[in-house]
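The values are calculated or read from the model by the stated rules, or taken from the named source; none is laboratory data. Given the structure is predicted, the values throughout are model-derived calculations rather than measurements. All Cβ positions, glycine included, derive from the backbone under ideal geometry; neighbour counts span all protein chains shown. Quick note on the areas: whole protein, heavy atoms, side chains included, nothing else; ligands and nucleic acids left out. Shrake-Rupley method; radii C 1.70, N 1.55, O 1.52, S 1.80 Å.
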Amino acid sequence: MEPGQIAPDFRLTAVDADGEREVTLADFRGRPLVLYFYPKDDTPGCTREACSFRDLGAEFEAHGVAILGISPDTASKHSRFIGKYTLPFPLLADEDHSVCEAYGVWKEKVNYGKTYMGFERTTFLIDGDGVIRRVWPKVKVEGHVEAVLAAIEG
C-alpha cells in the first residue's frame, strides 16, 4: 500500500478497556487514523511502541487522530496487554492475517537462517476519507511515534 491509495476496509474484533466489539475502517471515516501493525503483544519492542502511542495519546487526540493497533494475537491476549500497560486505544485481533495481507505487511522474514511468514512492523496514516497519506514500513521503534506525530503536525 502506498500514499494516495484507498485503505482496504476491514472488520475485526477490537479490544479496549470497555471490552470487545467489532470495528471496521469505515467506523473512522471523517477522522484521521493511525493504523499500526505490530508482531506480538507484551514483547519488548511492541510494548515500547504501544506505550509510546499511549504516552503521546493526548497529542494525537488534540489533532483529532484515532489510534488502532493490529497484531495476530487473540482478543484475550490483547485484553491482558491493554490492562497491563493501561493502553487507551483499541487493539485489533487479526488472527488469520487477512488484514495484514490486504495492507501488504504479512511478509517472508528470515531470522537466524530460518525463513517464515510474519508481520512487518508498519504504520499507516489514513485521512478521514480513507486515503493513505503516509506509510512507515520496517518501523524501528525508537523515535517512531514522535515521527508519526510530527507528520501529523507538519
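General observations
- Net lengthening on full extension, Leu56/Ala151 (0.36 nm per residue, minus Cα-Cα): 32.8 nm
- Between the beta carbons of Ala17 and Lys114, assuming R0 = 35 Å, the FRET efficiency works out to 0.40 to the nearest 0.05.
- Helix-only CD estimate at 222 nm, as mean residue ellipticity for the chain, using -39500 (n - 2.57) per DSSP H run (n ≥ 4): -8000 deg cm²/dmol
- Taken over region 1-109, the percentage of Cα pairs per 10 Å bin, counting from 0 up to the bin with the maximum distance, is 14, 48, 35, 3.
- Heavy-atom accessible surface of the chain: percent carbon and sulfur, 1.4 Å: 48
- A convex hull fitted around the alpha carbon atoms of region 62-154 yields 132 Å³ per residue.
- Whole-Hz Karplus values for region 21-32 come out as 7, 8, 10, 10, 4, 4, 4, 9, 4, x, 9, x Hz, taken residue by residue from phi with 6.51 cos²θ - 1.76 cosθ + 1.60 and θ = phi - 60°; glycine and proline positions read x.
- Distance between the modelled labels on Asp42 and Thr74, one decimal in nanometres: 1.2 nm (7 Å Cα→Cβ projection).
- Across region 98-111, rounded Karplus estimates of 3J(HN,Hα) from the backbone phi angles (6.51 cos²θ - 1.76 cosθ + 1.60, θ = phi - 60°) give 5, 6, 4, 5, 4, 8, x, 10, 8, 10, 6, 10, 10, 9 Hz, Gly and Pro being marked x.
- Charge dipole (debye, nearest 20) of region 84-144; +1 at Cβ of Lys and Arg, -1 at Cβ of Asp and Glu: 380
- Percent of beta bridges antiparallel (DSSP, the chain, rounded to nearest 5): 75
- Per residue, in Å², the accessible surface of the chain once ligands and nucleic acids are set aside, probe 1.4 Å: 50
- Total lysine pairs whose alpha carbons fall under 21 Å of each other in region 73-144 (8 or more apart, or interchain): 5
- Annotation: aspartates and glutamates with alpha-carbon distance below 12 angstrom to Lys40 (same-chain offsets under eight excluded): Glu49, Asp73, Asp94, Glu95, Glu120.
- Between Asp27 and Lys84, the contour length at 0.36 nm per residue exceeds the Cα-Cα span by 17.9 nm.
- Look at the alpha carbon pairs under 8 Å that are at least 6 residues apart: their mean separation over the length of the chain gives a relative contact order of 32 percent.
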